[in-house]
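Worksheet for the structure shown next.
What follows draws every value from the coordinates through simple rules; no lab data is involved. Predicted, not measured: the structure shown is a model, and the values here were computed from it. All Cβ positions, even for glycine, are placed from backbone atoms using ideal geometry, and neighbour counts span all protein chains on display.
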Amino acid sequence: MRSDNNQLDIFHHDPRLQGPALKKLAKAHRESADEALKQFQFSAAVRQERHEHYMAEAKRLEAEARQLARPPRRRRTRSTGATSP
């Protein structure tokens, strides 16, 4: 059965993960990144890899929060194409 793109992603379209919640989640990822460097049961390479993963995820969430905070772009009201008066 095809979904024809009618199904929503449970994480991307969750209304609880909009705006301030994204900033809070990004902050949690940054804290996890700092903590990942302190976990000495992993090798240095694995600690650094985990740190980079958490930081990339935090940056992605912050960018998404900024995009949601930005007002929508307005469309031009005047047409400058071939059908304009």
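Computed values, structure above
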{"item": "Distance between modelled label sites at F42 and L68, nm, 7 Å Cα→Cβ extension", "result": "2.6"}
{"item": "Partners for K38 among lysines (Cα-Cα distance below 21 Å; same-chain residues under 8 apart left out)", "result": "K27, K59"}
{"item": "Region 19-67: Cα Rg divided by the 2.2 N^0.38 Å rule of thumb", "result": "1.22"}
